[in-house]
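Undergrad: To start, I am sharing the structure in question, which I have written as structure tokens.
Quick note: the coordinates plus some simple rules give every number you see, no bench work behind them. Because the structure is predicted, anything quoted here is derived from the model rather than measured. Here the Cβ positions follow ideal geometry from the backbone for every residue, glycine too, while neighbour counts run over all protein chains shown.
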Amino acid sequence: MSKKILVTGGTGYIGSHTVVELHNAGYTPILVDNLSNSSVKILDQIEKIIGVKPEFYEFDLCDTEKVNAFISEHSDISGIIHFAASKAVGESVQNPLKYYHNNFFSLINLLESYREKPINFVFSSSCTVYGEPDVLPVNEAAPVKKATSPYGNTKQIAEEILEETAKAASNYNIIALRYFNPVGAHESALIGELPIGVPQNLLPFITQTAIGKREKLTVFGDDYDTPDGSAVRDYIHVVDLAKAHVAAIQLLEKGNPNGNYDVFNVGTGNGYSVLEAISAFEKASGKPLNYVVGPRREGDIIKVWGDVTKSADQLGWKAQLGIDEMMASAWAWEKYLSENPIQ
Ligand code: NAD
Ligand code: WQD
């Protein structure tokens, strides 16, 4: 019988791709999602890819009773990958309490339901905890800087909660993965990023502009201290990111020699500017992109990319897909969505 892995936020962008990779690695994913930022139709899309419809339960992980009942009923869960959270930086500034409530109550409910019970736990963190790094590429030993948004603060505090919980109780075996910028979609173009409303992130805005849903892209500043003046990020293909979660579960199952709390950067180690990302998209899609340069976006980091040595040496994972595949898959997904709307 294959090991059962709970994937919270499993119908979401990264969660759905991780469900596919868990299945491919011989695990049985079981999904929980309240569908606050995803569609139940994603289950059908996943079924088209892996041939089986994953087990799915719809409820809010902030509901303590429901979490406890679910965990009691599923005592055969051997690991948890916790994606479920609110993640829009701008919204978090407008509505901080929504973010503190959702991102902390869901996490704490899950952790408390495993008091004295061994659990392997992988957490979705973010390079946002580094702020504007002093040294690039940024490694896991770099200082965590004061968050510039309530969202970023929830990730920093969540890491502290996890570290202190692991220190106090050895039944928790925890890995936090600090994602850089996930982009792209599964090669089947059946799952991908599903932004609700106006996309905040670069790639969905690029693809929606290219398909004609948006009139133009605004590049938020080209007067930064970077080679072409636009901001630099470490974009990582969402499928590579998904595979990093399988590697993290496998490391926890084997026993992490670093102890029962650890952190890994999950990026490619390469930085691309916004203008370079646009050029890569135009090359991959064959479509010139309509964009203008506008003012900087408040709170943006100028440049960040990851030192991914620790993940290669100790997690046994390294990104395989490059910027061309990221852009081509993002475009294929946008074209699929234009003919097969999923909401
Ligand atoms: P997403 O919004 O697509 O997926 C999150 C899923 O969690 C959604 O399906 C949503 O419905 C669900 N959810 C939210 N709150 C819930 C709750 N209380 N109970 C049950 N389900 C709930 O986001 P994503 O891009 O897949 O991100 C997944 C995780 O990775 C998040 O924790 C996010 O903070 C983190 N992350 C994302 C990025 C990124 O750029 N996408 C970067 C770094 C970290
Ligand atoms: C990338 C670059 C923008 C849109 C955010 C969160 C982070 C994580 C990933 C959750 C920046 C530029 C963007 C546009 C643009 N999310 N841009 N025009 O800001 O690096 O990270 O998403 O964990 O926590 O902070 O990603 O995709 O928003 O921006 O010029 O219309 O593209 O200024 O330089 P970001 P992004």
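Undergrad: Take the residues in segment 52-70 that are among the hydrophobic types (A, V, I, L, M, F, W, C) and within 14 Å of ligand 1 (Cβ to nearest atom), then tell me which one is nearest to Asn34 (Cα to Cα).
TA: Residue satisfying both the conditions and the ranking: Phe59.
Undergrad: A follow-up question, please. Please find, among Tyr27, Tyr100, the residue that is of a type in the set (Phe, Trp, Tyr) and under 22 Å from Gln250 (Cα atoms).
TA: Tyr27
Undergrad: Right, next: When the residues of segment 71-96 are filtered to those that are within 11 Å of ligand 1 (Cβ to nearest atom) and of a type in the set (Ser, Thr, Tyr), which remaining residue is nearest to Leu177 (Cα to Cα)?
TA: Top of the filtered list is Ser86.
Undergrad: Please give the number of the condition Val32 fails out of (1) buried (at least 20 other Cβ atoms within 10 Å of the Cβ); (2) assigned to a loop (DSSP other than H, G, I, E, B).
TA: (2)
Undergrad: Mind listing whichever residues of segment 8-28 are more than 10 Å from ligand 1 (Cβ to nearest atom) and either closer than 26 Å to Ala88 by Cα or assigned to a helix (DSSP H, G or I) (or both)?
TA: If the condition is that a residue be more than 10 Å from ligand 1 (Cβ to nearest atom) and either closer than 26 Å to Ala88 by Cα or assigned to a helix (DSSP H, G or I) (or both), then Val19, Val20, Glu21, Leu22, His23, Asn24 are the ones that fit.
Undergrad: Kindly provide the set of residues from segment 301-334 that are of a type in the set (D, E, K, R), more than 17 Å from Phe264 (Cα to Cα) and loosely packed, with under 15 Cβ neighbours inside 10 Å, ordered by number. First the steps, then the outcome.
TA: Filtering segment 301-334 for residues of a type in the set (D, E, K, R) gives 303, 307, 310, 313, 318, 324-325, 334.
Then keep just the ones that are more than 17 Å from Phe264 (Cα to Cα); that gives 303, 324-325, 334.
Correct list: Asp324 only.
Each row is one residue, and each column tells you yes or no for (1) closer than 22 Å to Glu282 by Cβ; (2) touching a Cys at 6+ places or on another chain (Cβ under 7 Å); (3) away from ligand 2 (no atom under 16 Å from the Cβ); (4) among the basic types (Lys, Arg).
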{"residue": "Glu140", "(1), (2), (3), (4)": "no, no, yes, no"}
{"residue": "Glu159", "(1), (2), (3), (4)": "no, no, no, no"}
{"residue": "Ala185", "(1), (2), (3), (4)": "yes, no, no, no"}
{"residue": "Ser188", "(1), (2), (3), (4)": "no, no, yes, no"}
{"residue": "Pro199", "(1), (2), (3), (4)": "yes, no, no, no"}
{"residue": "Thr207", "(1), (2), (3), (4)": "yes, no, no, no"}
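Undergrad: Further, regarding this structure: Enumerate the helices (runs of 4 or more DSSP H) found wholly within segment 193-289, keeping only those where 1 or more residues are under 19 Å from the mean Cα position of the chain (by Cα), more than 16 Å from ligand 1 (Cβ to nearest atom) and among the polar types (S, T, N, Q). Show your work before the answer.
TA: On the way: elements: 202-211, 238-254, 274-285.
Answer list for segment 193-289: 238-254.
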